[in-house]
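First the structure, which I've put down as structure tokens, then a few questions once you've had a look.
Bear in mind these aren't lab numbers, they're just calculated from the coordinates by the rules spelled out. If you're wondering where the values come from, they're calculated on a predicted model, not measured in any experiment. Here the Cβ positions follow ideal geometry from the backbone for every residue, glycine too, while neighbour counts run over all protein chains shown.
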Amino acid sequence: MTDTAQNKVRYGLKDVTIIPITADDGSTLTYGTPFAQPGATDLSIDPVGDAFDVEADDTKFYSADNNQGYSGKLTITNIVDNFYSQVLGETASANGGFEENSNSQTHPFAIAFRIAGDAKNQRFVFRKATATRPSIGSSTRGSKSDISTQELDITLLPNYSGSIKVREPEDPDKSIAEWATAVLTPDAG
């Protein structure tokens, strides 16, 4: 029997998982080992690419969407070390820290996450993403402690075959990393 339950509302964000892109030969993306990025507090992404119209014969003759993916922000409580090294290109230092070099290059990645719903949870994986370096900031503790967050500007792009994202109902038998790896391998482009 097919599950026909439809969500009336969506809420929550959890299980953010990063899958580094380890190779890009110009036609196929190869993905590395997924790692968790816990502490996501907000994900806000908007479509990129404008609709365009062609006027002819005194009417709107043709209309199409120019889908170039999405861009937005991922807000998290603390960026994990794997993200700094595998995505932002920082190198580990001898004392256990990380060094950012002006010549370092950021690396693309896939990103997967889960959004809950009143009827069923949904999983998403975006096949190719890029991120900018986060701002650095915090504030002093007073009588009330506010948690500082870090914000990443992210761009979610189509892969070589044009696929941007996959959205599926949650499978309770697979972790988000297992599911994303299965969806991404082999990548169609």
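Identify, by number, the condition in (1) touching a Lys or Arg at 6+ places or on another chain (Cβ under 7 Å); (2) more than 26 Å from T30 (Cα to Cα); (3) not charged (D, E, K, R) that A112 doesn't meet.
Status for A112: all satisfied but (2).
Quick check on segment 1-17: of everything there that is touching a helix residue (DSSP H, G or I) at 6+ places or on another chain (Cβ under 9 Å) and not polar (S, T, N, Q), which residue is surrounded by the most Cβ atoms within 10 Å (Cβ to Cβ)?
Checking each candidate, the answer is D15.
Moving on. Under 7 Å between Cβ atoms, which residue pairs at least 6 apart in sequence (or on different chains) link something in segment 169-185 that is in contact (Cβ under 8 Å) with a residue 24 or more places away in the chain and under 18 Å from D24 (Cβ atoms) with a partner that is of a type outside the set (A, V, I, L, M) and assigned to a helix (DSSP H, G or I)?
Between residues of segment 169-185 that are in contact (Cβ under 8 Å) with a residue 24 or more places away in the chain and under 18 Å from D24 (Cβ atoms) and residues that are of a type outside the set (A, V, I, L, M) and assigned to a helix (DSSP H, G or I), there is no close pair.
Sort through P20, P47, P38 and tell me the only one that's buried (at least 17 other Cβ atoms within 10 Å of the Cβ) and under 19 Å from the mean Cα position of the chain (by Cα).
P20
Tell me which strands (runs of 3 or more DSSP E) are completely within segment 1-120 and hold 1 or more residues being of a type in the set (S, T, Y) and touching a residue at least 60 places away in the same chain (Cβ under 8 Å), or say none if there are none.
Qualifying strands (runs of 3 or more DSSP E): 10-24, 29-31, 40-47, 70-76.
Tell me, yes or no, whether segment 133-141 has at least one residue that is crowded, with 17+ Cβ neighbours inside 10 Å, under 19 Å from the mean Cα position of the chain (by Cα) and over 23 Å from S27 (Cα atoms).
Yes - at least one qualifying residue is present in segment 133-141.
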